[in-house]
Amino acid sequence: MTALTTIELVGCWISLALTICILSFLYEDNPVYKLAEHLFLGVSIAISVVEIYYGVMKPNLIEPLLGGELLSLVPLVLVVMLFFKLHRKLSYLARVPIAFIVAAYAGVKLTGEANANLMTQVAQSMPNLSQLWADHGIWDWSADGAGVFSGIALVLGLSACLLHFYFSAPHKKAMKYVSRFGILTLMLSFGASFGYTVMGRISLAIGRAQEMMGLDKAPAVAEQVHPKTATVLLTIAVIGFLVVWKKRQKTA
Amino acid sequence: MILANLFLTAALAAPPGDFTVTSPPHSDGLNLQLSWTDPGGTGFAVLRKDAQGTYQLSSILPAGSESYNDKVTTDPRKDPPRESYTYRVATLDADSALPPLADDDDDAAAANQARYVAELFDRSANLSPEVTASPVASWLNTSPGHLLLLLLIASVGGLIYWFTDQARKGSEIFIRRIPGIDAIEEGIGRATEMGKPVLYVPGIDELQDIQTIASMLILGQVAKTVAEYQSEIIVSCCIPIVREVADEVVKAGFYQAGHPDAYHPGNTRFISSEQFAFCAGTNGIMLREKPATNIYLGRFFAESLILAETGYINRSIQIAGTAEATQLPFFVAACDYTLIGEELFAVSAYLSRDPRLVSSLKASDYVKVFCVACVLLGTALASIGNPIMIDLFTIGE
Amino acid sequence: MLDLLIKFQDMDRRWVFLGMGFAILLPMLANITFGFEVDERVQALYDEVEALPAGSTVLLSADFDPASRPELDPFFRAHLHHLFRKDVKVVMVTLWEFAPPLILPTTEEIAGKHGKEYGTDWAFLGYKPGKELAIKAIGENIPKTFPKDSRGNVTTALPVMQGMKQAKDFAMLMSVSAGFPGTREYVLQIQGQYNLKMGSSCTAVSAPDYIPFYKAGQLFGLAGGMPGSAQYEKLVFPDGPPTSGPAKGERLLATQAINVLNLGHLFIIALIVLGNIAFFITRRIEDQG
Amino acid sequence: MKRTVPLVVTFLVGMFMIGEFFIPHHLYRVWTAEFLVWGLILAAAAFVLGLINLIQVNLPKVLRKEPDWGYKLIMLLALAGTLVAGFAGGQDRQTPGTVYQWIFDYVFVPLNATMFALLAFYIASAAFRAFRARNLDATVLLAAAILVMLARVPIGESLPFIGDYLPRLMNWIMDVPNIAARRAIFIGAALGAVATGLRVILGLERSHLGD
């Protein structure tokens, strides 16, 4: 097993310290959290700028321009116009690139959304009930409740939810009941997805806890880092700091 | 020599049968459709050449394949499609050469490929005959699904004009109350009374997303109202281009309300384009500048709950709206009002009360009823074994 | 009483956080265990490995990265213990670029504990780019695909590779898979073609996609996500964390994580239920008063 | 001019992009693809404006030593330092051992992961507060949540009588009512997207054009 360099060792400890700083936010907003937050902001912005430069600007604008591709002058002009936003008098020039980008995406997404989320979803929502009857009957426990009942429930639930979004009529009479049924279907769905997500969220915390205890590293590496000691010491340091800070706040 | 003998004894060479190449319907002119019958190989290698060139490996397919859609060029601007292409398909079996592995070095990869093609030609008994075909490009996709979608979009557009015209002639368009949207104005009023700012978060997605565009349009109305109340608005943006658009929108809102001087560009902020860094920074705004009302409209992901829970500690009024189904449960649980899916897209029209915009709500209502009718009819037809409606709504490539 | 109930309903959320923190930490620090049952798919997987005769050789494709490590590493460890305990030889490959630094130290450690020699009892042939093409090549000719192993030895010269030319020469193929390329590609590219005996451990996200392969008999067993790994740990170490023998010190992280998940879920459910009881009682008292 | 040009650009570009879906010809799609790349370039160039905005907001606070100025300074220093490390590293910035990669591994990754992990705590507090059976809607919401939570963990399956049925019931809820609601949200949102897109392209909505 190769030994860790000092830099890597320091990195492991810093990483633990930052983890604890962020967790201290659960208590309340405090100086150590603020420190971690601002560090996070600075680093993350810089990383996106660097990656955007190498991922988009360089291959799509700078290299074609240097390669003498004349077509790339058009986006260059658009970019320059956008930068006129900073000019007090000529800032209206920036409206052209903004109009361009909004219209381009609105146009392409209009058909994209209509295809993926309207046509496809409608096409998938027409179950063959006689087939369901032949395969599963009314309700089949062994196939998670598949059957005619579920087929009808899907179609009616979908229709009711959709009609709940009907804006240009008051929800009265029959509409009232349809809309109620739609809302209940929505609530059932929201409750279920909430419950379904809990496991994933707790797993995230397990991952952090494992790092703090060094369980994520090979034992040979963990021995060099002493993660448990580090975690305990750093936690004590943060809590100690918070106590002092609270006291000072009270006296101030 | 021994190897060659092995080949002769073990290989049961059989070329793919009935090999055809055609230009697919509604094509962009860059694809050709290959089909053949499987003689029982362990896989297939597709070889292509143009009129001048030599055979190149196009793809290796798993056992059982009987068709393949071949893209003849990936960059039609620099490498335009040729008039015609010639294909052969080789049946692979236990004795075929190993597929060429990728290599970081382009020349080495090309050499690997060339060697592989040569090895395939060494065993010509496995090769299909040559077939030549020309890709044909189409100027309009006339498949039923595409035409239906075109019709739907055109009818939304047409209905908008029709209802607008009706409204001009004096017939009023009824729109039911949407409490979540009414709450936006109340929230702004509350912020004004308390002398605290309104926080507006337009989601974390790029401007590419139509929810972000919708959010920008709503921001225009919200900024105008804020300016009329002579209150303050902070916009917290995750994407720089969204900030630039938001800046333009808020400025216009203040201008329209007659208070252009009250606009502070420093209040429309770029926080960070990294999801959770943005979330940390926006939390910071909530805790330190204490907005009285938080409005989250746009596309949100996992940060939705962190934002909404932080806003809750602050006792801010929180109004959220998104069409991102996975995040709606968290907004419903943690916010005072939640706009679900389509309601998000209705906000700007609802707030503006401009008949031209409001008529678009009525137009999409009509299409909605049409969709429900199609689902019900389609289910009935599918149940008696007629999938015509399913086919109509299925859009192939 | 009423005051207390109202206070409970509006309690500072930091108490909730503290409770959640305990629910996460407690099973990791103390020995809190909930029983859980073993799924038929994991049992089948275990039985098949258990039935391997000593001296046979398996091909293990470990295709995961740091992000999927919490879910799959516990299975990987338990599986290695299981194989080495039965004196089965292991030939390991990976199709994931970032896998070698995760899997190699683990395998060296566990093989060392069982006194297994590199080259005769196990070998790691390394990372191969090429995705499906690499899988196809593994199916056809392994020495040609991996001319040298990860230590630079000629593959055909390794004792463990004697008689092992193609994937079908191995007693079984185990795919520890976090996504693409992984179990699905192995099944589609070479499992059917050579009728390989193949098992899989996968993430919770991809488990529903692979269950049809199990039902169709293409996979003899499947361990999905954290629960799958925990169940396999339970089968390999039925008495809990081993305190003696070569596996001494094994922490059974998936079992631990399952306890965290159980306790975390129970904690949230208990909060909701208690909150509602308090809510109903206060409402009734208020209605009466 | 100031008003008309952006409106004309909007209409022409928008209509052209709608055509992308219906006109498969590669001579047409070459241009729609090109337009989208220009959009990407614009979005990328806006990062420069974003940086300027960031400095405009924060630098004066540091110079005037307003509250929290120290943190803002740390942010600006972290920003500058990482930028230098990234651009100095160039194309090889992501190889192990570089400063940029060190910052990524030991600063960015733990901060990001921990911020994400806060959700484990927030999901508990949100559930506790929001899931009260105040009315029928809220009761359905909380019943579905509890049922699915129980069914997701092994302990639910080992419950007497209902244990066998819990996972199946969960799958049914996820596959039937959940899918019905989601599809309705998708379809409704798609309709909203069509209406919104048309309003923008037809120039009915123009608040983003400073109008």
| note | Checked against the positive end of the charge dipole of the stretch D:1-66 (+1 on Cβ of Lys and Arg, -1 on Cβ of Asp and Glu, about the Cα centre), the farthest of D:Met17, D:Pro60, D:Ala44 is D:Pro60
| Rounded, prolate or oblate: which fits the stretch D:33-98, taking a ≥ b ≥ c as square roots of the Cα gyration tensor eigenvalues, rounded meaning a/c under 1.5, else prolate when a/b beats b/c? | oblate
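Summing +1 for each Lys or Arg and -1 for each Asp or Glu, what net charge is found among the other residues whose Cβ lies under 9 Å from the Cβ of B:Tyr87?
Working: positive: B:Arg48, B:Lys49, B:Arg88; negative: B:Asp70, B:Glu130.
Local net charge: +1.
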| request: For the stretch C:266-275, take each phi angle, set θ = phi - 60°, evaluate the Karplus expression 6.51 cos²θ - 1.76 cosθ + 1.60, and give the result in whole Hz per residue in order, putting x for glycine and proline. | output: 4, 4, 5, 4, 4, 4, 5, 5, 4, x
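For C:Ser56, A:Ser168, what's the fewest-to-most ordering of other Cβ within 10 Å of each Cβ?
Taking fewest neighbouring Cβ atoms as first place, the list is C:Ser56, A:Ser168.
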| query | Between A:Ala222 and D:Asp164, how many nm apart are label points set 7 Å from Cα along the C-beta direction? | reply | 4.1
| Cut-off 12 Å, label 7 Å out along Cα→Cβ of A:Ile14, residues of the stretch A:207-248 by amide N | none
| note | At the level of C-alpha centres, the distance separating the stretch A:141-174 and the stretch C:213-243, in angstrom, is 39
| message | Below 12 angstrom from the Cβ of B:Thr268, what's the summed charge of the other residues (Lys, Arg +1; Asp, Glu -1)? | response | 0
| task | Could you give the C-alpha radius of gyration of the stretch B:173-353 expressed as a fraction of 2.2 N^0.38 Å, taking N as the number of residues it contains? | result | 0.91
| Given H placed on each backbone N at 1.01 Å, which residues far from C:Ser201 in sequence or on other chains put an amide H within less than 5 Å of it? | C:Ser175, C:Val176, C:Ser177, C:Ala223
| query | Among the lysines, which fall within straight-line cross-link reach of A:Lys34, defined as a Cα-Cα distance under 28 Å, with same-chain neighbours fewer than 8 residues apart omitted? | reply | A:Lys228, A:Lys246, A:Lys247, A:Lys250, B:Lys196, B:Lys290, D:Lys61, D:Lys65, D:Lys72
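Only counting other Cβ atoms within 10 Å, I'd like B:Val198, D:Val84, A:Val221 sorted with the fewest neighbours first.
Values: B:Val198 27, D:Val84 14, A:Val221 18.
Going from least to most buried by this count: D:Val84, A:Val221, B:Val198.
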| Taking the Cα centre of the stretch C:40-251 as the origin and placing charges on Cβ (Lys, Arg +1; Asp, Glu -1), which of C:Ser201, C:Thr243, C:Ala157 is farthest toward the positive end of the dipole? | C:Ala157
| Using modelled backbone amide H atoms (1.01 Å from N, in-plane), which distant-in-sequence or interchain residues come within less than 5 Å of B:Gln56's amide H? | B:Arg48, B:Lys49
| task | Taking the dipole about the Cα centre of the stretch B:257-393, with the C-beta of Lys and Arg at +1 and of Asp and Glu at -1, give me whichever of B:Thr310, B:Phe393, B:Gln327 is farthest to the positive side. | result | B:Thr310
| Cα shape, the stretch A:1-142, gyration tensor, a/c 1.5 rule | oblate
| Residue by residue, what Karplus-based ³J(HN,Hα) values in Hz, rounded to whole numbers, does the stretch A:33-40 have, using 6.51, -1.76 and 1.60 with θ = phi - 60° and x for Gly and Pro? | 5, 4, 4, 4, 4, 6, 4, 4
| task | Would you compute, from DSSP H runs of 4+ residues alone, the mean residue ellipticity of the protein assembly as shown at 222 nm, taking -39500 (n - 2.57) per run and dividing by the full residue count, rounded to the nearest 500? | result | -19000 deg cm²/dmol
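Which of the three applies to chain A, rounded, prolate or oblate, going by the alpha-carbon gyration tensor with a ≥ b ≥ c and a/c under 1.5 meaning rounded? Don't jump to the answer; show the numbers that get you there.
Details: a/c = 1.97, a/b = 1.25, b/c = 1.58.
It is oblate, given that a/c is not under 1.5 and a/b is not larger than b/c.
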| request: Note down the nm distance, to one decimal, between modelled labels 7 Å out along Cα→Cβ at C:Lys7 and at D:Arg134. | output: 2.4
| field | Residue order, fewest to most surrounding Cβ atoms within 10 angstrom, among C:Lys197, C:Lys136 | value | C:Lys197, C:Lys136
| remark: To the nearest 10 degrees, the tilt of helix C:40-50 (Cα long axis) against the first principal axis of the alpha carbons of chain C is 40
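Could you work out the relative contact order of chain B? I mean the mean sequence separation of Cα pairs under 8 Å and 6+ apart, divided by the number of residues, in percent.
On the way: 684 pairs, mean separation 56.6, N = 397.
Relative contact order of chain B: 14 percent.
The protein assembly as shown: D in µm²/s via Stokes-Einstein (Kirkwood Rh, Cα pairs, 20 °C, 1.002 mPa s)?
Working: Rh = 32.6 Å.
The calculation lands on 66 µm²/s.
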| query | Applying 1/(1 + (r/R0)^6) with R0 = 22 Å to the Cβ-Cβ distance of C:Thr120 and C:Asp47, what FRET efficiency is obtained, to the nearest 0.05? | reply | 0.20
| note | In whole angstrom, the spacing between the Cα centers of the stretch D:26-82 and the stretch B:108-174 equals 37
| Between helix C:100-113 and chain C: long-axis angle, C-alpha atoms, 0 to 90°, nearest 10 | 80
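For C:Gln9, what is the net charge nearby, where nearby means another residue's Cβ is under 13 Å from its Cβ and Lys, Arg count +1, Asp, Glu -1?
Values: positive: C:Lys7, C:Arg13, C:Arg283, D:Arg129, D:Arg132, D:Arg134; negative: C:Asp3, C:Asp10, C:Asp12, C:Glu286.
Its environment carries a net charge of +2.
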| Ordering of D:178-186, D:72-80, C:107-115 by burial proxy (mean other Cβ atoms within 10 Å per residue, highest first) | D:178-186, D:72-80, C:107-115
| said: Can you give me the distance in nm between label points at A:Asp135 and A:Leu71, each placed 7 Å from the Cα along the Cα-to-Cβ direction? | reply: 4.7
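Let's see if you can work this out: charge +1 on each Lys and Arg Cβ, -1 on each Asp and Glu Cβ, no other charges. What is the dipole magnitude of the protein assembly as shown about its Cα centre, in debye to the nearest 20? Show your work: numbers first, answer last.
Values: 90 positive and 102 negative charges, 670 e Å.
About 3220 debye.
Every number in this text was worked out from the coordinates using simple rules, so none of it is lab data. What you are looking at is a predicted structure, and each value in this text was computed from that prediction instead of being measured. Glycine gets a Cβ as well: all are built from the backbone with ideal geometry, and neighbour counts include every protein chain shown.
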